[in-house]
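Since every read-out is calculated from the coordinates, none of them should be taken as a lab result. Note that the structure is a prediction, hence the values are computed from the model and not measured. Here the Cβ is made from the backbone with ideal geometry for all residues, glycine too, and neighbour counts use every protein chain on show.
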Amino acid sequence: MIDEIKEEKIKLPSEKSSHSPSLPGSSQRDIQSFGEYLLVEKGSSPHTIENYRLDLVDFSSFLKKPLAEAERKDMTAYFSHCREVGLAPSSMARKRSALRSFYKFLLLDRRIEKDPTAELENPKMTKYLPNVLMQDEVSLLLNQPDESTIGGLRDKAILETLYATGMRVSELVGLALDDVNFQFGYAKCFGKGGKERIVPLGSYAIQSLKQYLKDSRPKLLKDKRSNDLFVNAKGGTLTRQSVWNIVKKYGKSAGLGDAVSPHTLRHSLAAHMLENGADLRTVQEILGHVDLATTQIYTQLLQKSITAEFKRCHPRS
C-alpha cells in the first residue's frame with residue numbers, strides 16, 4: 001500500500017476561498033493582474049504566487065480599504081501589528097517582499113502614483129544554519145523503503161534521487177522520463193524561474209531509478225500513459241506534498257524524528273560534498289544557487305563540525 005495525500009490546488013487570485021475574507025473588487029482585480037504578471041513576466045512558481053496572494057489578502061483584511069489606497073502609515077501600522085502578534089522575522093520579510101513587489105507592479109502599471117513601500121526598512125534577520133543529517137543517518141534513511149513492494153521501489157528511487165542531486169521537491173516532481181540520461185549519468189531539471197541545469201545522478205540513484213522503471217512504474221501506471229518520471233499510486237502526477245509525506249514517513253521509521261524533510265536531503269548533500277573536499281562552485285552549480293553567498297552558508301556547518309571535533313579530540317581544547 002502506497003501512502004499518498006491529495007494535492008493542494010494552487011488557487012488563482014480570482015478564485016474565492018471560504019478561508020479568505022472578502023476583498024474589495026478593485027483589490028481582487030489588482031491581485032489577479034499581479035499574479036498573472038508574476039507568472040508570465042517573472043516566471044515565478046505557483047507556490048510563490050500563492051504565498052504572495054495570501055500575504056496581500058492578509059494585508060487587505062488589516063487595511064479595510066482597497067489595496068491601491070494604502071499609504072506609508074498603513075504599512076507602518078501593519079508591520080507593528082505583525083510584531084505584536086509574534087510573527088517570525090522570516091515571515092515578516094516575506095510579507096515585505098510581497099508588498100514591495102505588488103506596489104512596484106501597481107506603480108509600473110500606473111494604477112498608483114506613489115509607492116507606499118518605498119521607505120520600508122528591512123528587518124534584521126537571524127541567520128539559522130540549515131538542518132543536516134550525518135552521513136550514516138542518510139544511509140539509514142535511504143535504506144528504509146521496502147524494495148520488495150512497488151511502493152517501496154518508487155520511494156527508494158525518490159530518496160536516492162533527492163540525495164544524489166540535491167533537487168528541490170518542485171524540481172523532482174517536475175521530472176519527465178526523458179529528463180534522465182542513464183548513458184551519461186545525469187538528470188535535467190528546471191529550477192526557480194524555469195532555469196535549466198544538469199545534475200549528476202551517481203551509481204546508487206541510477207540503480208534505484210532503473211529498478212523503479214522496470215518493476216514499479218509500469219504497475220503503478222497499469223493501463224495509463226504518462227510522461228512523468230515519478231507517479232502516484234493511481235498512476236497520476238506525484239505532488240510536492242506526497243514527496244514531503246514520503247520523506248517524513250521514512251524519517252520517523254529511521255528514528256530521525258519529525259525534522260527530516262526533502263530539503264534536509266538537499267542541505268545534507270551540500271554539507272557532505274564540502275566535507276569530502278568539493279569546492280563551493282561545484283556545489284553551487286549542483287544546487288542551482290544564483291549567488292555563491294547562498295552556498296557559503298554550508299561552510300559554516302563544516303567549520304562548526306571541525307570545531308566540535310577539535311574540542312572533543314584535542315588534549316588542550
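Each principal axis of the Cα cloud of the stretch 23-120 was taken in turn, and the coordinate range along them, longest first, works out to 36, 28, 25 Å. What the Cα convex hull of the stretch 59-180 gives, in volume per residue, is 198 Å³. Cα extents for the stretch 192-265 along the principal axes, largest to smallest and rounded to whole angstrom: 38, 30, 27. Remark: spin-label model distance Lys224-Glu41 equals 3.7 nm, labels positioned 7 Å along the Cα→Cβ axis.
To the nearest whole percent, what portion of all C-alpha pairs in the stretch 107-236 is separated by more than 22 angstrom?
That tail contains 50 percent of the Cα-Cα pairs.
Pairs exceeding a 30 Å alpha-carbon distance, out of Lys188/Lys214; Lys64/Lys248; Lys114/Lys195; Lys104/Lys188; Lys214/Lys249: Lys64/Lys248; Lys114/Lys195; Lys104/Lys188. A crude spin-label estimate for the pair Ala118 and Leu87, with each label 7 Å from Cα along the Cβ direction, gives 2.3 nm. In a shell of Cβ-Cβ distance under 13 Å around His81, excluding His81 itself, what net charge do Lys and Arg (+1) and Asp and Glu (-1) give? In short, +1. Just report the Cα centroid separation between the stretch 63-87 and the stretch 213-278, whole Å. Value for the Cα centre distance between the two parts: 40 Å.
Expressed in Å, the radius of gyration and Dmax of the Cα atoms of the stretch 137-190 are 11.8, 32.
Our coupling estimate for the stretch 99-112, obtained by passing each phi through the Karplus curve with A = 6.51, B = -1.76, C = 1.60 and θ = phi - 60°, is 5, 4, 5, 5, 6, 5, 4, 4, 5, 5, 8, 6, 8, 9 Hz, Gly and Pro reported as x. Here the peptides 141-150, 30-39 are ranked by packing, the mean other Cβ count within 10 Å, and the order with the highest first is 30-39, 141-150. For Ser148 and Asn245, the FRET efficiency from 1/(1 + (r/R0)^6), where r spans their Cβ atoms and R0 equals 22 Å, is about 0.55.
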